[in-house]
Structure formats: structure tokens, C-alpha cells
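Only one structure is covered here, and it is reproduced in the block below.
The values are calculated or read from the model by the stated rules, or taken from the named source; none is laboratory data. What you are looking at is a predicted structure, and each value in this text was computed from that prediction instead of being measured. Here Cβ is always computed from backbone atoms with ideal geometry, including for glycine, and neighbour counts include all displayed protein chains. The protein model used for the area step is the full one, side chains on, heavy atoms only, and it has no ligands, DNA or RNA in it. Shrake-Rupley method; radii C 1.70, N 1.55, O 1.52, S 1.80 Å.
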Amino acid sequence: MRYYLSAIADVFEHVKSDLSGLTQQEAEERLARDGKNKLNQAKKDSIIKRFLKQLVDPMIIVLLVAAFISGVLAVVEGEGLADVIIILVVVLINAVLGVYQENKAEAAIEALQEMSAATSKVLREGEVQSIKSENLAVGDVILLEAGDAVPADARVFECASLKIEEAALTGESVPVTKLLDQLNPGENGDVTLGDRKNMVYMGSSVAYGRGKAVVTATGMQTQMGLIADAIAKAEDGQTPLQIKLTQLSKILTWLVLGICAFMFAFHAVRNFVTEGGFGTFSDILSIFMVAVALAVAAIPEGLAAVVTIVLSIGVTNMSKKKAIIRRLTAVETLGCAQIICSDKTGTLTQNKMTVVDHYAADEHALAIAMALCSDAERTAVGETIGEPTEIALVNYAASLSLEKNDLKKQYPRVCEAPFDSVRKMMSTVHRTEDGFVQFTKGAPDEILQRCTHVGTPQGAVPISADDKEQILAQNKRMANKALRVLAAATKQYTMQPDCFDPERLESDLVFIGLTGMIDPVRPEVKDAIAECRNAGIRAIMITGDHKDTAAAIASELGILDGTVKAITGAELSAIGDAEFDETVGDYAVYARVQPEHKVRIVNAWRKRGMVTAMTGDGVNDAPAIKGADIGVGMGITGTDVTKNVADMVLADDNFATIVAAVGEGRRIYTNIRKAIQFLLGSNLSEVLTVFVSTLLGLTILKPVHLLWINLVTDCLPALALGMEKPEHNIMSQKPRRATEGVFSGGVGFDVIYQGFLVSALTMAAFYIGEFFQANTSLGLTMAFLTMSMCEIFHSFNMRSQRGSVITMTIRSGHNLWLWGSMLVSLLLTTLVVMIPFFQDAFGFAAIGAKEYCIAIALAFSVIPIVEIVKLLQRAVTKRKNRE
């Protein structure tokens, strides 16, 4: 039953209740049938389960298999388990770093429960009782007054100036005045959530007045419950970076398996041809060792750790800029964001009604009237409390040095005629030194009908048709700017009125003036949106506010122009999914929307392949925030629900912080891509070296050598690359596509030729060592030293994919982290090849100064060689651009 479209008698009949409420027995029976008035809790994954999920990555599985094979070989041959221990430690570190809370839905449900009222006043057996809100049942009659949280969805049947704050649920910035009347359906046969003025909903609160309502829905059947259910059902999608790393894991896994299969086949065929059989058990074990070496060489063990640490560092940097990241792998998603769907109230605007325009012959008289004819109060510390519209009026007076507390002493209130939705005004009478004065405020058209005079600098004069026309013109001017316009009037008495009936008080009034107020935009937002536009990011406003107000704010911010339109939630509901998927690009402003509309809008953009972010602060934003590629919650005004499902929380509620987050996200992704290119190029060089040496019947690098290179001389520079500063034009580039592969933009070619280059230099070092001392470990030692330091020096090449490392240093300065990693890696590698204990452990030969210098020189040559290739690549690019 749609209770808001039904007469109150029919509502009571449907819920089987009456004006005196339920009996205790009826309430208990309904609670047993329907359950408690609370939200369901979702099950959480245990720490162990989350840990085990980290071990299903293809690269991790290959490493575990390699560890198992190494363990078997170590037991068979009576050797140590160093290789096994090292591999397992790597796997453990990666898994621990990867364990992170990804089930935020449970925390969101808990926050929703905390938002619900703890206790409620109800009529049971015809008497007022205070009970736990969770014990409310359908049919209970609840009593509401200012400051109360609404404990369940209910139909209003009695109210006195009842206003409900629904911003968290509908996005409406102004408290909604509630009515008793049965509503009429709109063109779509229904009434949107924000316009159901005879209903109150769980999660909202009473801002003003009092009332009674009969409960129509409890628990998961409330609007809040539907939102909680949507949060629980919304699935966490993979970020672009996660997708790319998953693809990379599969590629590397198949590459390793393919190479290992080839090596087995090659050895088997060679043994069969040369020896007439497949070889001894020892031969088969040696093939396994080669397979283990290839697996270790092909898999960048430090990749997951490097990516996680670089993201963590980025998270720390962003937190210093007031952007709190709640999920590591989402930090880079903003870098490729193409659409930002933003809630208006509290995100683009200040969520604080403010008087921004006025029309009066005497502004001070206008401010005095507005401040005194309101129930908002100023505290001792200068804060204003009350209903948002009246807060704006009292603050307006204070801005003119007219403090409400001083005015109350000067003009004490003696009586009033409270606001109601029929008269659309309220009046207060105050004592003065000369008698009594009445102030009336309300809707301009209603006030004007009751005015016989108008205030002028010379005093009150009879109001003329021209005066009324000018007042209405000013009212229209403000309304066209989407301002909420209120009028003020006054009336003088020599004696206190003997009748406080509104009909008697609100007649023969003197018109004072008009005030226009609005929830103003945040001053920094306009520039932030302009910068986002410059970065190729489109801003979309989604709000529960009225269309005219939303359009005015959007136009001021530059979101709405002649190329796009505004649309209401009702109009959106009338559009089919297929049509909306085609036309979603035509709309930049969505007004009077419901939660399901927000999810639909986000999904429509995502279907187009657009990386979509959703910002907001209210409960109504939560499902869309969870369903977006990255959800952005507000830290100050945002509800716990929104913050718990968001991937990023703005600690200062500043939309401009998003701009900094976008820049940081782009920097992080670019740096991670540099690290990936560096690590893959290094691992390719290792694979090629092991593969070629095996074909030649040589042993140049063993598994423990490769693990050392991967974890020490590769990881440290990779981490340092993650600390690179952003390029100067990073926020003037278009967002990268979410489908953009890791190897796009020439990265694949760079990885291949650089891998071959490092491998060739390593093989050269080996043969030089063999030339000096044949049949010793000197060649292996020089090969290890060259490959280790070659990758260190090569990391300087990775500071820019195409730019010269020399130019990069001049323009952006030194990367001190990279220099530090080079020195640390050089020191550790030198110690390993020089100290006898480590020489024995790694199987190295003693190395002299000449051989050491030759190996270092070969390693350093990677810089000038890559510089020459970059120069040729830049020349080719320039030629293509000219063509």
C-alpha cells in the first residue's frame, strides 16, 4: 500500500490500528511476526579467509610450486632449505601486505543502526510510553517533537508546524514541512521520496514542531532498510590497476609454464638423441632445478610488495592533503576518473542556508524583523541553533551587528501566531518603549496580500499598484536565481493585542522588505571543477533538491551549459534503461532523485566504459558510492554510512581536495607503471640469461642469485621510482582509458629490448670472467655483479619513458630515493661478492679490482645505450606528429 496516496482512515485500517495505538499484546505478536525494528547484519569474512584469498593469485601459486620442488630436491640431495625459506618468506610478506578489509558493507550496516533512534515515545494502550526503538511494530503510534530521531517509516496524522530534516536521506537541504492531507500522484503515477510530505522516514530527524504518526514499515522494510540492502548487495568491482595486475599474473604464469615445458622437452629430446634415453634421476632433478630457476626468474616476486608500498606511500601523501584512502588498490582509480558524480548539498555547497540578497528601504529594519520573528537562537559562543532557514536570518542580522540576544532584551516577545502551511507565515508581537510591535514573515505573495502600507525612508505610506509591481519584480528576480525568498512586514500597537488570532494579527500590515537565501556554493569549488574539466574530467550534479535550485547552482559552477540539460528523478523514471544508456551524456544535473536513480546514473556511465567516481555525504548516496569505481565520502558532514562504504573520505569536505587526489592518483599510477616496466624488463633479462645459458649447457645464475636480484637490487629502485614527483603537465592530460593495458604506449617494446640489452651485458660479463679464469666461478660472479648493478643503473632510465634522464634531472631535480637505493644496493651487492662467508653461501669466486670495475662498467653502459634509443624514439614521434 502506498500510504502517502491514501486517506489516514484507510491507513489505520490497513495496519490494523487506531488513534490510541496498539495494545502490548498486539505489539508483541507483530514483533514475533515481522521481527525487530533494526537492520540486518551481514556476515564477515574471517582474517584467515581473507589471508587465504591472497594465495590464489597465479604468480603466488607458481612460487609455491617452485618452493615445493626446491624442497623436494633439497631433501633428495641433502642440501639446505635456503631457497625454500626465501620463497615462502616472500609469499608470506605479500599475503600479509595484501590482507585488507574489503567488506565495508558490514560496517555500513552498523553505522545505519547507530543512526536509528535508540528510544521512542509511543502510544500503547492509549498511554504514552518510552520504549526501545527496536521494539516498534507496524501500527504503533509514535510521538515526535523537535530534536527527535524518526525511528521508523510512518504516516503523519497530526502535526503542528512539523518540519523534518531529510538531507541525509533525500538530499533536500531545507527541512520539509509535513502535511496531513492525502497526496495526489504525479504524471508517473507516483510521488518521489522527497515530495512525500505526509510521511516521515527512519534516519531523518525532527527540526521543528511536533506531531504524531502511525508506523507503516519497520526494520529492513523501511526506506533506510532498502538502502542498507542495496549496500549489502552492491558488489565491489576491481580497480583498473587490479585488472591489469591480474592480467599480468596470468600472462607471466603461462609464460613460465610454457618455458618450463619447452625446457623439459628440450632436455628430454637432447638426452634421447645423445644418450639413447631420457637420462638418469639426477638428470631429471637438474631439469627441475632449471625449471625452478626459470620460475623464479620470470616472476617479479617483489611486484606485489612494491605496488602495495607505493600505494601506501601515496595514501600517506594524500592524507596530508585531507584525502583519506580506505582501500589501497583504489588510490590510483581517481587518476583515470572520467566522470565525477557529485551530490550538491554539503559537497558542492556549504549545507548552510545564507542570506545573499535583499530588497528593503531600511535593511536594518528588515534584519530586525527577520531575526525577532524566528525561533533560532544565538549561543554564548556565537553559534546559531534552530531551523536552517531561521538560522540564516539570525546570522544575517548578526552580520549587521544586530545580535539576536540583544534584540530580545530590547524587544521582548509577548505573544505569537506560529507558522502553518496554510497561511505560509508566522507572526510575533514584542514589547517596545512606546508600546508593542508585530513582525510577520512568510511567503512574499501571502504577505503582500495583507499589506496596506509600505515602508520608505520617510516612513510608512499607502502601498500602490506600482509598489506591489516593483516588489513582485524583485521577488521574481531573486526566484530566478533559485533563491528562497521570504518577506517581512510590521504593525504597531499602543496596547498589547487582546486577541492573538492570526486573522486579526495578520492584516493592515506595513511591508518592510524581502530576503533571498540559498545554500551557497563552496568558494573553492568553481575553480576545482574548472581544473577537473581541464584534466578531461566531467562533473555531474546529482541531488534531491529542486530542479530550479540545482540548475542555478550548476550554472554558477560551470557544470550546466548550453550543451547539456537538467532532469528530475520523475522524468528519469519515465526513461527506459536502453534509451537512458544512449542519452546519459545529455544530462549534467539530476534533481529530486531517489537512491535507485543515483545507482542507475552511475551504472549508465560505467556501461559506457567510463571510470566513474561518486561523491556525497548522505545516506542516500551510499549505494551509488559503493557501486562506483571509486566512492568519495565527506568526513565532516558525511554520515557514518557513507564514510564506511567510501573508498576515499575527504577530511575537510572540500571538493577541491578531489583535484589534489586526482593529481596524486595520476602520479601514483604513472610511477607504478614505471616500476612495473622496470621489474618486467629486469625479469625478462633474467629469463633470457637462464634460458640461453641452459641451451648452451652453462649455469650462469642460480635460483638464490635470482631471488637476491629480484628482492634487493630490483625492489629498492622500484620503490624509489614510486617516489618520483609528478610531471609538470599531469593535470592537463586527458584521463587514461580503463582498458589501457600495462604494455600500451610502447612499454611492451621497451621491456623487450631493454631485457635483451641487460641479458647481453650479463652474458658478456660471464664470458669475460671465463676468459680471465676458465672453469671457475669468476664468470658467474661477474655475471651476477653486472646484472645486479645493470638493473640499478637502468632504474635511472625509468624516471621517464621517453625523456632523457639528463633533462629529467635538470627539470625535476634529483630523485634522492633513487640515489639512496643505488648506494644501498651497490653496498649490499659488493658485500655479497667480497666477503668470504657470503661468497661460499652464494657460490662466488674471489673477485679482483679489475674484474669488479669491468663488471660495473658493463652495467653502467645501459644508461648511454638507452639514452640513444630514447633519442631515436623521440625523433620518430616528432616525425609522426608532423605528418
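Applying the criterion of being of a type in the set (Gly, Ala, Ser) and more than 24 Å from Met220 (Cβ to Cβ) to the residues of the range 20-75, the residue that is modelled with the highest pLDDT is Ser20.
I'd like to know if the range 751-760 contains one or more residues that are among the aromatic types (Phe, Trp, Tyr) and modelled with pLDDT of 85 or more. There is at least one residue in the range 751-760 that is among the aromatic types (Phe, Trp, Tyr) and modelled with pLDDT of 85 or more. What about Asp561, is it modelled with pLDDT under 90 and either open to solvent by 20 Å² or more (accessible area, probe 1.4 Å) or of a type in the set (Lys, Arg) (or both)? So Asp561 passes the test. Selection within the range 831-846: residues that are outside any helix (DSSP H, G or I) and closer than 15 Å to Thr776 by Cβ. The member of this set that is most open to solvent (accessible area, probe 1.4 Å) is Ala846.
Evaluating Phe743 against the criteria (1) free of Cβ contacts under 8 Å to residues at least 12 places away in the same chain; (2) within 28 Å of Lys320 (Cβ to Cβ); (3) among the aromatic types (Phe, Trp, Tyr) leaves one unmet condition, (2).
Assess whether Gly820 counts as being surrounded by fewer than 17 Cβ atoms within 10 Å (Cβ to Cβ), without any contact (Cβ under 8 Å) to a residue 60 or more places away in the chain and not aromatic (Phe, Trp, Tyr). No: the conditions fail for Gly820. Just one of the listed residues (Phe511, Phe500) is within 18 Å of Ala365 (Cβ to Cβ) and either out of contact with any Ser or Thr (no Cβ under 7 Å at 6 or more places or on another chain) or open to solvent by less than 10 Å² (accessible area, probe 1.4 Å) (or both), namely Phe511.
Scanning the range 309-363 for residues that are more than 13 Å from the chain's Cα centre (by Cα), of a type in the set (S, T, N, Q) and under 27 Å from Tyr590 (Cβ atoms) turns up Gln338, Thr345, Thr349, Gln350, Asn351, Thr354. Taking the numbered list (1) under 28 Å from Glu524 (Cα atoms); (2) open to solvent by 40 Å² or more (accessible area, probe 1.4 Å); (3) not polar (S, T, N, Q) in turn, Pro412 passes all entries but (1). State which residue is modelled with the lowest pLDDT when the search covers only the range 139-158 and only residues that are hydrophobic (A, V, I, L, M, F, W, C) and assigned to a strand (DSSP E or B). My answer is Ala149. Can you find a residue in the range 456-470 that is β-branched (Val, Ile, Thr) and free of Cβ contacts under 8 Å to residues at least 40 places away in the same chain? Within the range 456-470, one or more residues are β-branched (Val, Ile, Thr) and free of Cβ contacts under 8 Å to residues at least 40 places away in the same chain.
Of the residues making up the range 685-699, those that are hydrophobic (A, V, I, L, M, F, W, C) and surrounded by 22 or more Cβ atoms within 10 Å (Cβ to Cβ) are Val687, Val690. The residues of the range 639-651 that are part of a helix (DSSP H, G or I) and open to solvent by less than 10 Å² (accessible area, probe 1.4 Å), listed by number, are Val641, Thr642, Val645. The selection criterion, being more than 18 Å from Lys38 (Cα to Cα) and modelled with pLDDT under 90, holds for Asn188.
If the condition is being within 21 Å of Glu596 (Cβ to Cβ) and touching a strand residue (DSSP E or B) at 6+ places or on another chain (Cβ under 8 Å), then the range 174-188 contributes only Val176.
Taken over the range 728-753, residues that are in contact with a Leu (Cβ under 8 Å, 6 or more places away or on another chain) and either surrounded by 19 or more Cβ atoms within 10 Å (Cβ to Cβ) or of a type in the set (Gly, Ala, Ser) (or both) amount to 2.
Each row is one residue, and each column tells you yes or no for (1) open to solvent by 10 Å² or more (accessible area, probe 1.4 Å); (2) of a type in the set (D, E, K, R); (3) under 16 Å from the mean Cα position of the chain (by Cα); (4) farther than 19 Å from Asp190 by Cβ.
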site	(1), (2), (3), (4)
Gly576	yes, no, no, no
Glu579	yes, yes, no, yes
Tyr587	yes, no, no, yes
Tyr590	no, no, no, no
Val602	no, no, yes, yes
Met610	yes, no, yes, yes
Met614	no, no, yes, yes
Lys626	yes, yes, yes, yes
Val632	no, no, yes, yes
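Listed here are the residues, each with its yes/no results for (1) without any contact (Cβ under 8 Å) to a residue 24 or more places away in the chain; (2) over 37 Å from the mean Cα position of the chain (by Cα); (3) assigned to a loop (DSSP other than H, G, I, E, B); (4) surrounded by 22 or more Cβ atoms within 10 Å (Cβ to Cβ).
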site	(1), (2), (3), (4)
Ala137	no, no, yes, yes
Ala160	no, yes, no, no
Ile164	no, no, no, yes
Gly186	no, no, yes, no
Val206	no, no, no, no
Val215	no, no, no, yes
Met220	no, no, no, no
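Helices (runs of 4 or more DSSP H) fully within the range 300-412 that include at least 1 residues being of a type in the set (Val, Ile, Thr) and at pLDDT below 85: 303-320.
Is it true that Val256 is within 24 Å of Leu688 (Cβ to Cβ), at pLDDT below 70, part of a helix (DSSP H, G or I) and open to solvent by less than 30 Å² (accessible area, probe 1.4 Å)? So Val256 does not fit the description; no.
Within the range 550-606, the set of residues being assigned to a strand (DSSP E or B) and polar (S, T, N, Q) comprises just one member, Thr568.
Could we say that Asn654 is open to solvent by 20 Å² or more (accessible area, probe 1.4 Å), part of a helix (DSSP H, G or I) and touching a residue at least 24 places away in the same chain (Cβ under 8 Å) here? Here the answer is no, as Asn654 does not meet what is asked. Among the residues of the range 235-252, those identified as surrounded by fewer than 19 Cβ atoms within 10 Å (Cβ to Cβ), modelled with pLDDT under 70 and in a helix (DSSP H, G or I) are Gln242, Ile243, Thr246.
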